[in-house]
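I have placed the structure first, in the form of structure tokens, so that the comments after it can refer back to it.
Values quoted throughout were computed directly from the atomic coordinates according to the rules given, and no laboratory measurement underlies them. Computed from a prediction, not measured in an experiment: that's the story for all the values here. As a convention, Cβ positions derive from the backbone with ideal geometry for all residues, glycine included, and neighbour counts pool all protein chains shown.
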Amino acid sequence: MADLLVGQVLSFAADPFAEGPGAARIWERGGVLVEAGRIAALGDAASLAAAHPDATRHDYGAALISAGFIDAHMHYPQTAIIASWGKRLIDWLATYTFPEEARFADPAYCAEIAGRYLDMALAQGTTSMCSFATIHPASVDAFFTAAEARQMRVLAGKTCMDRNAPADLRDTAEAAYDQSRALLQRWHGVGRARYVITPRFAPTSSPAQLAALGALWAEHPDCLMQTHLSEQTDEVAWVAALYPKARDYLDVYESAGLLGPNAIFGHAIHLTTRERARLAEVGAAVAHCPTSNSFIGSGLFDMAGLKRDGLRVGLATDTGGGSSFSMLRTMAAAYEIAQLRHVALHPSQLIWLATAGSAAALGLGQRIGSLLPGHEADLVVLDLASTPAIAQRSARANDLWEALFPTIMMGDDRAIRATWVNGRLAHARALA
Ligand code: GUN
Ligand code: ZN
């Protein structure tokens, strides 16, 4: 049985950073035909309805139908400590993050938070994410199990640490290799799951642990490798002290075999010229985490420069260092950070980053992130008049971009009319 979703339809065939807003295709009264979990066709609503009279019709009126949001970097175990006050990165990890992550020794707690987090993500229109788990293999099992129950395409891995962390959150080089390998074999490519090799960051791994994970990646090069890079200046200085022989922070990873086109680095703010050139040369991706960068006081990501260098950039909440589960709020924060660098990101660029941009950064651009025939049917339906403040502003709009921008800047979960996952309705906003 097919479903026909009707509304304003937004699809990207190209990158608006390269092509401008014309990279988008917009049908004012459009339709998306969904069949067997895939997008079967899209186009003018009336023609699609005439060609597919048996499809179940879901008329969303003037709401905008887009690819679902994709969060390119986040920590599901930090769900319960989001919005914790008053610390910068290293103190924030020690004060809030590590005690919370220690609770994931209990598989029941892992399952509770995984389910809670994924349901909140769906209510925010987020259909896929790439998550760090904790040191505990059960935290990875719980996340993939909860995502499988919701038919979501997710990426995740065991967060490996063997130093500069509390004893109950440390493994060893060998355990990191063995446990990551076992989890990879259990989950990678099973249903919609993808395993990601996950050293937390250079300060919490010994050189031996980084090398062990580099060896594992060399054995499974189709997996992604995720970690953190140059988020705060204190952290960069600490890495230089811990790895005195490295040319720079990126070189620590490269020396351990942890740099390649399937690498995605969170933050990447305080980069040297060499690091930027090397990331571009290798074709690695970065995840921009704007609410986190202002919340923990990290710095101003150079979106325009890194896009100009040709890097793949994904957009990410980085919860719980980030201060919101909402990719709308995250787009707003990306806009604000770019403004502080005298760059105005266009609404087409913001929503592209949150969908196709993140998909490409995660190596999934051929499957998700765009409304294109054959892509997996993960969609969000956005109400562009979800509050009185937004409605009165979008009523004045002259085109879709002007109509969308107030929702990007002021919208929240009330703007998420519906979320579809794998061709099925996964969340519908309760109408007041
Ligand atoms: N660097 C290492 N671990 C983390 C983390 O959990 N959150 C953030 N924002 N940065 C990190
Ligand atoms: Zn992170």
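Along the range 398-413 the Karplus relation, 6.51 cos²θ - 1.76 cosθ + 1.60 evaluated at θ = phi - 60°, assigns HN-Hα couplings of 9, 8, 4, 5, 5, 6, 7, 4, x, 6, 4, 7, 10, x, 8, 5 Hz to successive residues, with x for each Gly and Pro. Each Lys and Arg adds +1 at its Cβ and each Asp and Glu adds -1 at its Cβ; summed about the Cα centre, the chain shows a dipole of about 320 debye.
3J(HN,Hα) along the range 117-123, derived from phi through the Karplus expression 6.51 cos²θ - 1.76 cosθ + 1.60 where θ = phi - 60°, amounts to 5, 5, 5, 5, 4, 4, 5 Hz, with x in place of Gly and Pro.
Please label the shape of the range 321-432 as rounded, prolate or oblate, based on the square roots a ≥ b ≥ c of the eigenvalues of the alpha-carbon gyration tensor (a/c under 1.5 means rounded; beyond that, a/b larger than b/c means prolate, else oblate). Note, shape of the range 321-432 comes out oblate.
Compare Thr126, Thr419, Thr233 in a GNM of the chain, Cα atoms joined below 10 Å, and give the one with the largest fluctuation. Between Thr126, Thr419, Thr233, it is Thr233 that shows the largest mean-square fluctuation. Straight-distance candidates among the lysines for linking to Lys245, with alpha-carbon spacing under 20 Å and chain neighbours fewer than 8 residues away dropped, are absent.
Between Val343 and Arg25, what length in nm is gained on full extension when 0.36 nm per residue of separation is reduced by their alpha carbon distance?
Gain on extension, Val343 to Arg25, equals 112.1 nm.
Of His375, His346, His267, the sequence from fewest to most neighbouring Cβ atoms within 10 angstrom is His346, His375, His267. Once the trypsin sites (Lys or Arg not before Pro) in DSSP loops with at most 10 neighbouring Cβ atoms within 10 Å are cut out of the chain, the longest remaining piece is 1-244.
Per-residue extension of 0.36 nm, minus the Cα-Cα distance of Ala18 and Thr145, leaves a gain of 41.9 nm for this segment.
DSSP assigns beta bridges within the chain; of those with both partners inside it, close to 45 percent run antiparallel. Relative to one another, the C-alpha centroids of the range 383-432 and the range 115-141 are positioned 23 Å apart. Once both axes come from the Cα atoms, what is the angle between helix 137-149 and the longest principal axis of the chain, in degrees from 0 to 90, rounded to 10? Result, in degrees: 10. Looking at the range 13-97, the chymotrypsin sites (Phe, Trp or Tyr not before Pro) that sit in a DSSP loop and have at most 16 other Cβ atoms within 10 Å of their own Cβ are Trp85. Going from the residue with the fewest nearby Cβ atoms within 10 Å to the one with the most, Ser11, Ser84, Ser358, Ser131 rank Ser84, Ser11, Ser131, Ser358. In the range 1-132, the DSSP beta bridges split such that about 60 percent are antiparallel, to the nearest 5.
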